[in-house]
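The values are calculated or read from the model by the stated rules, or taken from the named source; none is laboratory data. A quick note: this is a predicted structure, and the numbers were derived from the prediction, not measured. As a convention, Cβ positions derive from the backbone with ideal geometry for all residues, glycine included, and neighbour counts pool all protein chains shown.
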Amino acid sequence: MEVLLFGIAKDIVGRSSWYPNEGDETPATVSELKERLKKSFPEFGKLTSLAVAVNSEYAEDSVSLGQNDEIAIIPPVSGG
Amino acid sequence: MEVLLFGIAKDIVGRSSWYPNEGDETPATVSELKERLKKSFPEFGKLTSLAVAVNSEYAEDSVSLGQNDEIAIIPPVSGG
Amino acid sequence: MDKNIIIEIVGDIDVAKVYSELSHPRSGGICVFFGAVREFTQSEEVIALEFETYKNMALKEMDKIAKEAVEKWDLNKVVIRHAVGKKKVEEPVVVVGASSAHRDGCFEACRFLIDTLKKRVPIWKKEIFKNKKVWVSAHP
Amino acid sequence: MDKNIIIEIVGDIDVAKVYSELSHPRSGGICVFFGAVREFTQSEEVIALEFETYKNMALKEMDKIAKEAVEKWDLNKVVIRHAVGKKKVEEPVVVVGASSAHRDGCFEACRFLIDTLKKRVPIWKKEIFKNKKVWVSAHP
């Protein structure tokens with residue numbers, strides 16, 4: 001499972017994607033993904049907000065994650 | 001005394017200026033000018049509003065009119 | 001005349017230059033309103049609009065309105081430009097715009113500029129239909 | 001894609017074409033907002049802004065926002081265009097605009113477009129100062 005990273009998320013992890021399944025089972029839901037992200041990189045706990053997109057749509061915590069989904073971490077947006 | 005006419009005022013009078021002093025004394029105030037205008041051309045009484053400008057500024061009814069003032073009838077504006 | 005205020009009555013409006021006129025190093029927001037000729041007025045087909053103005057007075061009123069807006073919303077730049085003559089469907093007849101540090105100011109100011117122009121500036125619009133011509137707002 | 005909605009993420013914004021994009025025979029009012037780079041943020045001099053996006057998702061969100069606005073204000077045309085990459089002071093970074101029969105609709109819609117874009121569209125802005133770089137809004 002590959003997770004796309006943008007903006008400050010990319011800076012925190014130091015890469016433009018992250019594999020939460022390194023040697024472990026993959027997160028089953030958005031909520032589990034967020035927990036694992038914060039555990040691996042505590043800096044995410046300090047952000048104003050943290051969202052996850054599944055197949056390029058905002059996804060609630062309860063949404064399930066599949067192997068073929070396009071998953072992305074969405075740190076606080078600041079366009080305009 | 002020459003009074004400038006624009007828009008529908010020009011159409012009502014049929015000219016682009018009007019001389020309210022024809023054979024008579026000239027109106028001394030904005031209010032007298034408006035009265036004389038409505039008496040000469042009753043159509044002005046049917047407009048949504050009727051304003052007078054003295055030296056290219058809106059003038060209240062009480063403002064005095066001098067021979068050297070630039071005087072204009074301002075029918076309802078509709079720019080934009 | 002304040003160099004940050006552009007006031008004009010023109011034959012034709014150049015819609016392309018308003019961004020550069022309103023751009024300013026301290027402006028993060030630029031809001032622009034264009035008024036254009038619509039095809040229909042109360043389901044009657046409009047062939048053209050014809051605008052006439054009392055130019056000296058119109059420029060004076062436009063300048064007062066611009067200065068009021070600069071004062072009230074701390075604007076960096078203001079443009080008020082109105083066209084005269086005959087204008088066809090989709091052609092621009094007026095452009096007003098404001099630039100300010102943040103977007104609240106320029107949005108509110110832009111709305112004030114067009115609303116106040118319509119109330120106070122001596123410009124008259126005649127709607128030309130197939131079989132008649134009407135001075136807009138003249139009669140109740 | 002609805003032909004009355006223009007959604008784009010571009011390298012550089014062409015400020016001149018927005019009028020013709022929003023013009024429509026049934027539109028009497030066209031309202032446009034441009035966001036530009038300001039020289040100072042809280043009295044610190046900004047050298048440039050750098051924008052990054054998650055493009056697929058950003059285009060999808062922009063399209064949803066445009067459709068919501070068309071529905072709510074009966075708009076004839078909508079433009080939402082955002083720039084990415086490095087932008088210097090006075091350069092445009094975003095343009096949103098709407099056209100409608102009367103001015104109320106296009107003003108309200110234009111404000112909605114920029115406010116909602118800022119809340120929902122996955123675009124990130126980094127402020128580049130002389131001695132540091134800051135992702136805007138990332139931290140409380």
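Of everything listed in (1) buried (at least 18 other Cβ atoms within 10 Å of the Cβ); (2) over 28 Å from A:LEU50 (Cα atoms); (3) more than 8 Å from every other protein chain (Cβ to nearest Cβ), the single unmet condition for D:VAL84 is (2).
Kindly indicate whether D:ILE65 is in contact (Cβ under 8 Å) with a residue 24 or more places away in the chain, part of a strand (DSSP E or B) and under 15 Å from the mean Cα position of the chain (by Cα).
Working: in contact (Cβ under 8 Å) with a residue 24 or more places away in the chain: yes; part of a strand (DSSP E or B): no; under 15 Å from the mean Cα position of the chain (by Cα): yes.
The answer is no for D:ILE65.
For every residue, the table says whether it meets (1) in contact with a strand residue (DSSP E or B) (Cβ under 6 Å, 6 or more places away or on another chain); (2) of a type in the set (A, V, I, L, M).
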{"site": "D:PRO25", "(1), (2)": "no, no"}
{"site": "D:PHE40", "(1), (2)": "no, no"}
{"site": "D:LEU49", "(1), (2)": "yes, yes"}
{"site": "D:THR53", "(1), (2)": "yes, no"}
{"site": "D:ARG103", "(1), (2)": "yes, no"}
{"site": "D:ALA109", "(1), (2)": "yes, yes"}
{"site": "D:ILE114", "(1), (2)": "yes, yes"}
{"site": "D:LYS119", "(1), (2)": "no, no"}
{"site": "D:VAL136", "(1), (2)": "yes, yes"}
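Has the stretch A:11-18 got at least one residue that is in a helix (DSSP H, G or I), within 14 Å of chain D (Cβ to nearest Cβ), touching a residue at least 60 places away in the same chain (Cβ under 8 Å) and within 12 Å of the chain's Cα centre (by Cα)? Looking for residues that are in a helix (DSSP H, G or I), within 14 Å of chain D (Cβ to nearest Cβ), touching a residue at least 60 places away in the same chain (Cβ under 8 Å) and within 12 Å of the chain's Cα centre (by Cα), one finds none in the stretch A:11-18, hence no.
Scanning the stretch C:75-128 for residues that are more than 22 Å from D:CYS110 (Cβ to Cβ), in contact with a Ser or Thr (Cβ under 7 Å, 6 or more places away or on another chain) and charged (D, E, K, R) gives C:LYS125, C:GLU127. Restricting the stretch D:1-45 to residues that are part of a helix (DSSP H, G or I) and facing chain C (nearest Cβ under 9 Å), the residue that is surrounded by the most Cβ atoms within 10 Å (Cβ to Cβ) is D:LEU22. Screening the stretch C:87-96 for residues that are more than 8 Å from chain D (Cβ to nearest Cβ) and among the charged types (D, E, K, R) and picking the one that is nearest to C:GLY35 (Cα to Cα) gives C:GLU91. With respect to the conditions (1) within 17 Å of B:GLN67 (Cα to Cα); (2) buried (at least 16 other Cβ atoms within 10 Å of the Cβ), B:LEU37 lacks only one, and its number is (1).
Under the condition of being in a helix (DSSP H, G or I) and closer than 18 Å to C:PRO25 by Cβ, the residues counted in the stretch C:68-94 number 2.
It is to be established whether one or more residues within the stretch A:21-33 are under 18 Å from D:PRO122 (Cα atoms) and among the aliphatic types (A, V, I, L, M). Yes, the stretch A:21-33 contains a residue that is under 18 Å from D:PRO122 (Cα atoms) and among the aliphatic types (A, V, I, L, M).
With the requirement that a residue be among the charged types (D, E, K, R), over 20 Å from A:PRO76 (Cα atoms) and either outside any helix (DSSP H, G or I) or over 18 Å from the mean Cα position of the chain (by Cα) (or both), what does the stretch D:95-136 give you? Matches in the stretch D:95-136: D:ARG103, D:ASP104, D:LYS130. Report whether or not D:GLU61 is touching a Lys or Arg at 6+ places or on another chain (Cβ under 6 Å), at pLDDT 95 or above and buried (at least 23 other Cβ atoms within 10 Å of the Cβ). Considered against the rule, which asks whether it is touching a Lys or Arg at 6+ places or on another chain (Cβ under 6 Å), at pLDDT 95 or above and buried (at least 23 other Cβ atoms within 10 Å of the Cβ), D:GLU61 comes out as yes.
Here the stretch C:46-62 is the region considered, the condition is being more than 9 Å from every other protein chain (Cβ to nearest Cβ) and in a strand (DSSP E or B), and the residue that is nearest to B:PHE6 (Cα to Cα) is C:GLU50. Under the condition of being in contact with a strand residue (DSSP E or B) (Cβ under 8 Å, 6 or more places away or on another chain) and part of a loop (DSSP other than H, G, I, E, B), the residues counted in the stretch B:61-74 number 6. Looking across C:SER137, C:SER99, one residue alone is among the polar types (S, T, N, Q), within 9 Å of another protein chain (Cβ to nearest Cβ) and within 18 Å of C:THR53 (Cα to Cα). It is C:SER137.
Listed here are the residues, each with its yes/no results for (1) more than 15 Å from A:ALA72 (Cα to Cα); (2) in a helix (DSSP H, G or I); (3) touching a residue at least 60 places away in the same chain (Cβ under 8 Å).
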site	(1), (2), (3)
A:PRO20	no, no, no
A:THR26	no, no, no
A:ARG36	no, yes, no
A:GLY45	yes, yes, no
A:THR48	yes, no, no
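In the set (1) surrounded by 18 or more Cβ atoms within 10 Å (Cβ to Cβ); (2) assigned to a strand (DSSP E or B); (3) not basic (Lys, Arg), the condition left unmet by B:VAL77 is number (2).
Of everything listed in (1) within 14 Å of chain C (Cβ to nearest Cβ); (2) closer than 22 Å to C:LYS119 by Cα; (3) part of a loop (DSSP other than H, G, I, E, B), the single unmet condition for B:TYR58 is (3). Within the stretch B:52-80, the set of residues being hydrophobic (A, V, I, L, M, F, W, C) and within 15 Å of C:THR53 (Cβ to Cβ) comprises B:ALA53, B:ALA72, B:ILE73, B:ILE74, B:VAL77. Residues in the stretch B:2-25 that are surrounded by fewer than 16 Cβ atoms within 10 Å (Cβ to Cβ) and over 19 Å from C:LYS133 (Cβ atoms): B:GLU2, B:SER17, B:TYR19, B:ASN21, B:GLU22, B:GLY23, B:ASP24, B:GLU25.
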